[in-house]
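Note sheet for the following structure.
Bear in mind these aren't lab numbers, they're just calculated from the coordinates by the rules spelled out. In this text, all values refer to a predicted model and were calculated from it rather than measured experimentally. Here the Cβ positions follow ideal geometry from the backbone for every residue, glycine too, while neighbour counts run over all protein chains shown.
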Amino acid sequence: MPRVGCVEDRRADSHDRGGVVRLPGRCVVDPTQLLVLALAIAVAVAAVSLLRSRRQAAVRAQPPAESPLAVSTEGMKICPRCAMGNLWTARTCSACGNALKG
């Protein structure tokens, strides 16, 4: 069974200036350790996706946020500055004179 770790290569090549340059070492890893590492990564990815799906399901289960405006304001334009209800045909607010959208 091969050992885990980096093994230094004993070969040496000569450099053009006469110096000796060593080749970088190579790492030997047992296939069983690679399998365990791959399994650990797969479990981590599965856990993250499970937590994300649970969080999204909890957000979807909540009721929609209610509007701060009453139902009686339907069909009216609400002024963004003073929150006064105006007729839907109005172009400016009847209270502050601010331009209305739409």
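Provide Val48, Val29 in ascending order of the number of other Cβ atoms located within 10 Å of each residue's Cβ, fewest first.
Numbers: Val48 10, Val29 13.
By the 10 Å Cβ count, ascending: Val48, Val29.
Efficiency by 1/(1 + (r/R0)^6): what FRET value for Ala57 and Asp30, r their Cβ-Cβ distance, R0 = 30 Å, to the nearest 0.05?
Step by step, r from the Cβ atoms, then E = 0.15.
Tell me, in nm to one decimal, what length is gained between Leu87 and Val43 on full extension, where the rule is 0.36 nm per residue of separation less the Cα-Cα distance?
Full extension of this stretch gives 9.9 nm more.
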